[in-house]
Amino acid sequence: MSEQRTISAFYEQDHDRLDELFKAFQKMKRSDFPKAKEAFKAFKFGLQRHIVWEEDVLFPLWEEKTGMSEGGPTFVMRAEHRQIGQQLEAIHGKVAEQNPDSDQEEQALLDLLGSHNMKEERVVYPAIDQLTSAEERETVFRNMNDIPEERYKLCCGQH
Ligand SMILES: [Fe+2]
Ligand SMILES: [Fe+2]
C-alpha cells in the first residue's frame with residue numbers, strides 16, 4: 001500500500017515540533033539552564049535543517065513548477081529566513097554566554113516565525129501539494145534525506 005505523504009502535513013508537523021522545542025527552552029532557561037540549552041540546540045539545528053530543506057529542495061521545485069522566483073512567494077520566504085536566522089543567532093549568542101535574558105530576542109523570533117510559518121502553511125505548502133504527484137513528493141522527501149548534516153548542523157550558522 002502506498003502511503004500518500006503530503007508536503008503540508010510533513011512541514012506543518014516540523015513547525016510544531018520546533019515550536020515545542022523552543023517553548024521547552026523558554027520554560028526551563030531560568031530553572032535548569034543545561035536542559036534549556038539542550039532544547040535550544042535541538043531547536044537551532046532543527047530550524048536550520050528546516051530552512052535548508054525548504055531552500056534547497058522545496059522552493060526550487062515550486063519555482064520550477066510555477067516559473068515564479070524573483071518577487072514571488074519563495075523570494076519573500078527566503079528573505080524572511082535571513083531575518084529569522086539573525087534573531088536565532090542573537091539568542092544563540094546569549095545562550096553561549098549562559099545568559100537567560102533573551103526575552104526580547106525570543107519574542108522577535110516568535111513574531112517572525114509566527115507570520116512566516118502561517119504564510120507557508122496557508123499558501124506555499126498547499127500549492128506545492130496541488131502541483132505535484134505523489135511520486136514527485138517522494139522525490140522531495142528523498143532529496144531532503146540526502147542533504148548532508150554539515151549543511152545545517154552548524155553551531156554558528158551561515159544563515
Ligand atoms: Fe520557511
Ligand atoms: Fe517552514
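Lys35 - would you say it is away from ligand 1 (no atom under 11 Å from the Cβ), in a helix (DSSP H, G or I), of a type in the set (Lys, Arg) and open to solvent by 50 Å² or more (accessible area, probe 1.4 Å)?
Working: away from ligand 1 (no atom under 11 Å from the Cβ): yes; in a helix (DSSP H, G or I): yes; of a type in the set (Lys, Arg): yes; open to solvent by 50 Å² or more (accessible area, probe 1.4 Å): yes.
Considered against the rule, which asks whether it is away from ligand 1 (no atom under 11 Å from the Cβ), in a helix (DSSP H, G or I), of a type in the set (Lys, Arg) and open to solvent by 50 Å² or more (accessible area, probe 1.4 Å), Lys35 comes out as yes.
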Output yes when any residue across segment 82-99 is open to solvent by 60 Å² or more (accessible area, probe 1.4 Å) and over 21 Å from Phe25 (Cβ atoms), and no when none is.
yes
Just give me the residues in segment 48-62 being free of Cβ contacts under 8 Å to residues at least 40 places away in the same chain and open to solvent by 40 Å² or more (accessible area, probe 1.4 Å), in sequence order.
Pro60
Residues within segment 129-156 that are within 15 Å of His50 (Cβ to Cβ) and surrounded by 12 or more Cβ atoms within 10 Å (Cβ to Cβ), tallied:
9
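Just to be sure, is Ser115 open to solvent by 50 Å² or more (accessible area, probe 1.4 Å), within 16 Å of ligand 1 (Cβ to nearest atom), without any contact (Cβ under 8 Å) to a residue 40 or more places away in the chain and over 19 Å from Arg17 (Cα atoms)?
Numbers: open to solvent by 50 Å² or more (accessible area, probe 1.4 Å): yes; within 16 Å of ligand 1 (Cβ to nearest atom): yes; without any contact (Cβ under 8 Å) to a residue 40 or more places away in the chain: yes; over 19 Å from Arg17 (Cα atoms): no.
No, not satisfied.
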Out of Thr66, Thr74, I need the residue that is of a type in the set (S, T, N, Q) and either farther than 26 Å from Arg142 by Cα or more than 16 Å from ligand 2 (Cβ to nearest atom) (or both). Which one?
Thr66
How many residues are open to solvent by less than 50 Å² (accessible area, probe 1.4 Å) and assigned to a loop (DSSP other than H, G, I, E, B) when one looks only at segment 69-81?
1
Scanning segment 42-68 residue by residue, those away from ligand 1 (no atom under 16 Å from the Cβ), modelled with pLDDT under 95 and not in a loop (DSSP other than H, G, I, E, B) turn out to be Glu64, Lys65, Thr66
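The values are calculated or read from the model by the stated rules, or taken from the named source; none is laboratory data. Worth saying up front: this structure is predicted, and the values here are computed from it rather than measured. All Cβ positions, glycine included, derive from the backbone under ideal geometry; neighbour counts span all protein chains shown. These area figures cover heavy atoms from the full protein model, side chains too; ligands, DNA and RNA do not enter into them. Shrake-Rupley method; radii C 1.70, N 1.55, O 1.52, S 1.80 Å.
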